[in-house]
Amino acid sequence: DSTGDWSSDVCSSDLSYPRNLTESFQRYSQLASLSGNSSAQHMIGFMYATGVGAVVQRDPAKALLHHTFAAEGGHSKSEMTVAFRYQNGIGTSRNCDEAVNYYKKVADKAIAWYRSDEPGGKAWVADSYSLADEDGGVYGEGASASSAGVNAQRGGGGLDAHAALDDVLEYLDLMSGKGDFKATFSLGRIHYNGQKGLNRDMRAARKYFQAVVGQYWKRDGTKVDTTDRPDIEKFACNAAGYLGRMYLRGEGVEVNYDKAVHWFRRGITGGDAGSANGLGLMYLHGFKVSKDATKAADLFKAAAEQDYAPAQVNLGKLHLDQGRTEDVQIARSYFELAARYGNIEAYYYLAEIANFGIGRDRSCGLAAAYYKTVCEKAEPLLSSFAEANEAYANGDRELALLDYMMTAEQGYERGQANVAYLLDQENSILKLSTDRKSTRLNSSHQYY
């Protein structure tokens, strides 16, 4: 198991056994001794790094040793942990080249995972967020931007974020029922992208997008009289772009390239960037249209000029493939533009350019930073945020703390912030005992 997805679950209390970290450490040690199992090595390293449960004394050297064994076995979480330690000199001297070496191994797996849902890459809802923001911010309600003013009505300041989201959806649904195409489009986009507290729902998204395009185009393709709604064209074309993407990728529907082309071409009539990028992908790969890299590049450029990040990445790839110095510079500029929107591929290419000195001098520091960002963006593959959030919501603070500590060890800043928040003795929801004999998380304060 290269990712070690099950490693945190073994410490969970939902497997019919009570949580016992002492027993857990002994079993992991046996497994590591018998087979060198990478997940067992990872958990031993984690326990030595944190001293969790007072099972063992914190020992950064032993932690690095076991994480290195796990990393050499391909365990992605340990690879990230070792990289972070070399990057910051934790338990060892700083070594940028070693950090890049380990971060690149994980980033290569992360980008392969992302591309496994071609064309267009995998989509997911991010699981990492700051617990403090859910309780008024780190300085308390009203003292920070996350919980003051209008933000206090968006789920901060101790308000129920789920209730706030439900209110928004209810309002948009009400307005949509009255024929407000902007509200209908917003509902489609919210359900398509998903967000914290709301899973992606392709069936609902398609229903809303279809409702928007139906207010602009008749079934025969002619346009509805919209003189009283002059701004509907933009929303209808954007909705058409989403429908094209869904048919191209098979999201909530069977893959249908004919329908994808149909909707993309309609979207392009109104200048929709997503439609231009989608049709560009179809020309690039020859999906139902003749393979034509030139047409693909023209479509990518049209979308990139609208600051559409996926198109900027696609155009950057085409320039990078040319290999000429001037093309490499152009590619890098497109990747930098796309990186502003958090595009995982953009960060990966910037990391590769910095690491291998493509069209520029090599920069180890930049490469490490970019590779780290790639790794951290692939949350469903590489982190335990989802389990931590679920445990926290269910009141299992100990399991939440364990999982957040794992992400913190991997270098996730939000994981580190959440661990600090949970262990803050002045505002703690965990009453941590100092009884060294307990097998619960009684000495986790050592980590903090």
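Data for the structure
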item	result
Listed peptides 112-121, 82-91, 199-208, 50-59 by packing density, highest first (mean Cβ within 10 Å)	82-91, 50-59, 199-208, 112-121
The range 159-237-the range 51-70 distance, computed between alpha-carbon centres (Å)	51 Å
Distance (nanometres) between label positions extended 7 Å along Cα→Cβ at LYS223 and HIS285	3.2 nm
Alpha-carbon spread of the range 190-332, three principal axes, descending order, Å	50, 37, 27
Helix axis angle, 76-88 relative to the chain longest principal axis, alpha carbon, degrees	80 degrees
At 0.692 mPa s and 37 °C, Stokes D of the chain from Kirkwood alpha-carbon radius, µm² per second	135 µm²/s
1.4 Å probe accessible area per residue over the range 263-420, in Å²	39 Å²
Highest-first arrangement of 244-253, 397-406, 21-30, where packing means the average Cβ count within 10 Å	397-406, 244-253, 21-30
The range 285-373, accessible surface, carbon-and-sulfur percent (1.4 angstrom probe)	48 percent
Built amide H within the under 5 Å cut-off of TRP217, gap 5+	VAL224
Point-to-point label distance, SER130-ASP167, nm (Cα→Cβ direction, 7 Å offset)	2.2 nm
In degrees, nearest ten, helix 344-356 long axis to first principal axis of the chain (Cα)	70 degrees
Potential extension, ARG362-MET175 segment - 0.36 nm per residue separation minus Cα distance	61.9 nm
Residue pairs, from the table LYS182/LYS377; LYS182/LYS259; LYS104/LYS196, whose Cα atoms sit over 26 Å apart	LYS182/LYS377; LYS104/LYS196
For the range 93-112 versus the range 311-384, the gap between their alpha-carbon centres in whole angstrom	14 Å
Solvent-accessible area of ASP167 with every protein chain in place, 1.4 Å probe, in Å² to the nearest 10	100 Å²
Per DSSP, loop chymotrypsin sites (Phe, Trp or Tyr not before Pro) in the range 323-372 with at most 14 further Cβ within 10 Å	TYR341
Nearest-ten-degree value, helix 38-50 long axis tilted from longest Cα axis of the chain	70 degrees
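The values are calculated or read from the model by the stated rules, or taken from the named source; none is laboratory data. Everything quoted here is computed from the prediction, not taken from an experiment. Every residue, glycine among them, receives a Cβ derived from its backbone with ideal geometry; neighbour counts consider all protein chains shown. Side chains are part of the model used for accessible areas, which takes the heavy atoms of the whole protein and leaves out ligands, DNA and RNA. Shrake-Rupley method; radii C 1.70, N 1.55, O 1.52, S 1.80 Å.
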